[in-house]
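Undergrad: I'd like to ask you about the structure that follows.
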Amino acid sequence: MNLNYEAAVANRGNRARIKKVFQRAQQGEKLTVGFLGGSITQGSLATEPKLCYAYRVYEWWCKTFPNAEFMYLNAGIGATDSQFGCARVDSDLLAYKPDFVIVEFSVNDSSTPHYLETYEGLVRRIYGAEWQPAVLLVHNVCYDNGANAQLMHAKVARYYELPSVSMQSCIYPELVSGRLENRTITPDDLHPNDFGHELVASVITYFLGKILGDMDNVEEPAGLKEAPMTANAYQNSIRYRNDNSSPVLKGFTPDSASQEVITDIFKKGWTASEEGSSIVFEVEGSCIGVQYRKTIQLPAPVAELILDGDESHPFVLDANFDETWGDKLVLDTVLEHGEDKLHKVEIRLKETHEDDKLPFYLVSVIASR
């Protein structure tokens, strides 16, 4: 496939950190290659994990630097966005101190100021880590209409001088022109098949190869700018689950099952089946989100969230999911840019049914400031 790989370079950025990782790889060091994103990064619709774009990029590192030792860290979780990424980046990615990180949320985020802010917070969290990891931003695309959040995400790339590559300007034009048929690369116009993952990986490794061929061009590393572009309320986010919090329970029961992998998303939460059951948290922050399960096994319970005792404006948490592809981990924002203080979050089960297939599952409460 003759893609216009040069067109894929959305932002050249400062490449000094990537070059430094290349130098360490040439010296035979042990390095960790990390990936954080949604279902495409997780490898959805690849016929086996080793055929997803992330693993193919990891293989490029192994083949290009045979004397180095690489660890593969895939922190992709399907149907999740950069807001959730802010809350889980420490445990799922940064705890392993990756040396090179790809961030991919451009088809999971929407092109809105909210996601400009959450994406910036996530990027700042990674790029500002004390060991100064190299970061490459990847913009995937919806292959039926070219939609993604690149308009917002690219602002972050330019502001922080971060290298980025785009499938919107490289693979998508091949579909528009008719030189490539959608079903040859994706069965649903979103998730790549094996060949689609291969193309995405080739765009990334082409750019990495260009940087490797430019090692003699010395660049000073770019540091994290002190002042953010946005209000940046999401950079510091805490996720409250049953292993790090003690809410007041009435009818809710902690889920004691162990979580073996990060993609096992309905773990470490609380369940309830009886109408009137409640759970109460006290959390500090200016932004608050709640995660719960929407299920395709209907009917399902309905809960409401009361913030700071305001009974006049409850937030409805409806566990009934009108899709067919599977249960979804929902993240609803119930407070954004509010007062940065201690807030009371009460969740009550307001509607149950005799033939409910599953209990209401509260996964977490997330507070950001």
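The values are calculated or read from the model by the stated rules, or taken from the named source; none is laboratory data. Quick caveat, the model's predicted, so the values are computed rather than measured. Heads up, the Cβs are rebuilt from the backbone with ideal geometry, glycines too, and the neighbour counts pull from every protein chain shown. Calculation scope for accessible area: heavy atoms of the full protein, side chains included, ligands and nucleic acids excluded. Shrake-Rupley method; radii C 1.70, N 1.55, O 1.52, S 1.80 Å.
Undergrad: So which residues in region 331-344 are within 24 Å of THR80 (Cα to Cα) and surrounded by 15 or more Cβ atoms within 10 Å (Cβ to Cβ), if there are any at all?
TA: LEU331, THR333, VAL334, LEU335, GLU336, GLY338
Undergrad: Select from region 311-330 the residues that are open to solvent by 50 Å² or more (accessible area, probe 1.4 Å) and not charged (D, E, K, R) and write down the one among them that is farthest from the chain's Cα centre (by Cα).
TA: Checking each candidate, the answer is SER312.
Undergrad: Being out of contact with any helix residue (DSSP H, G or I) (no Cβ under 8 Å at 6 or more places or on another chain) and of a type in the set (Gly, Ala, Ser) is true for just one of ALA16, ALA68, ALA25. Which residue is that?
TA: Values: ALA68 fails: out of contact with any helix residue (DSSP H, G or I) (no Cβ under 8 Å at 6 or more places or on another chain); ALA25 fails: out of contact with any helix residue (DSSP H, G or I) (no Cβ under 8 Å at 6 or more places or on another chain).
Every option except ALA16 fails the conditions.
Undergrad: Could you give me the residue pairs with C-beta distances under 7 Å whose first residue belongs to region 341-356 and is under 14 Å from SER245 (Cβ atoms), whose second residue is part of a strand (DSSP E or B) and open to solvent by 40 Å² or more (accessible area, probe 1.4 Å) wherever it lies, and which are 6+ apart or on separate chains?
TA: LEU342/GLU282; LEU342/GLU284; LYS344/GLU282
Undergrad: Looking at (1) open to solvent by 10 Å² or more (accessible area, probe 1.4 Å); (2) assigned to a helix (DSSP H, G or I); (3) under 30 Å from ALA25 (Cα atoms), which is the only condition GLU161 fails?
TA: (2)
Undergrad: Inspect all residues belonging to region 14-34 and state whether any of them is crowded, with 18+ Cβ neighbours inside 10 Å and touching a Ser or Thr at 6+ places or on another chain (Cβ under 6 Å).
TA: no
Undergrad: Select from region 347-369 the residues that are of a type outside the set (Val, Ile, Thr), out of contact with any Cys (no Cβ under 8 Å at 6 or more places or on another chain) and crowded, with 20+ Cβ neighbours inside 10 Å and write down the one among them that is farthest from SER273 (Cα to Cα).
TA: Only one residue fits best here, namely SER364.
Undergrad: Let me ask something else about it. Here's a check for you: in region 54-112, which residue that is open to solvent by less than 50 Å² (accessible area, probe 1.4 Å) and acidic (Asp, Glu) is farthest from the chain's Cα centre (by Cα)?
TA: ASP99
Undergrad: Next question, about the same structure. Please work out which one of (1) over 24 Å from HIS139 (Cβ atoms); (2) open to solvent by 50 Å² or more (accessible area, probe 1.4 Å) is the condition MET215 fails and give its number.
TA: The single condition MET215 does not satisfy is (2).
Undergrad: Consider THR333 carefully, then state whether it is polar (S, T, N, Q), out of contact with any helix residue (DSSP H, G or I) (no Cβ under 8 Å at 6 or more places or on another chain) and either part of a strand (DSSP E or B) or over 20 Å from GLU117 (Cβ atoms) (or both).
TA: No; evaluated as a whole, the condition is false for this residue.
Undergrad: Another question, if that's okay. Tell me yes or no: at least one residue of region 181-203 is part of a helix (DSSP H, G or I) and touching a strand residue (DSSP E or B) at 6+ places or on another chain (Cβ under 7 Å).
TA: yes
Undergrad: Given ASN74, ASN2, ASN11, ASN67, which one is among the polar types (S, T, N, Q) and without any contact (Cβ under 8 Å) to a residue 12 or more places away in the chain?
TA: ASN2
Undergrad: Scan region 191-241 for residues that are of a type in the set (Phe, Trp, Tyr) and touching a Pro at 6+ places or on another chain (Cβ under 9 Å) and jot them down.
TA: PHE207, TYR240
Undergrad: Which residues, counting only those in region 174-212, are open to solvent by 50 Å² or more (accessible area, probe 1.4 Å) and over 24 Å from the mean Cα position of the chain (by Cα)?
TA: Hits for region 174-212 are VAL176, SER177, GLY178, ARG179, GLU181, ARG183, THR184, LYS210.
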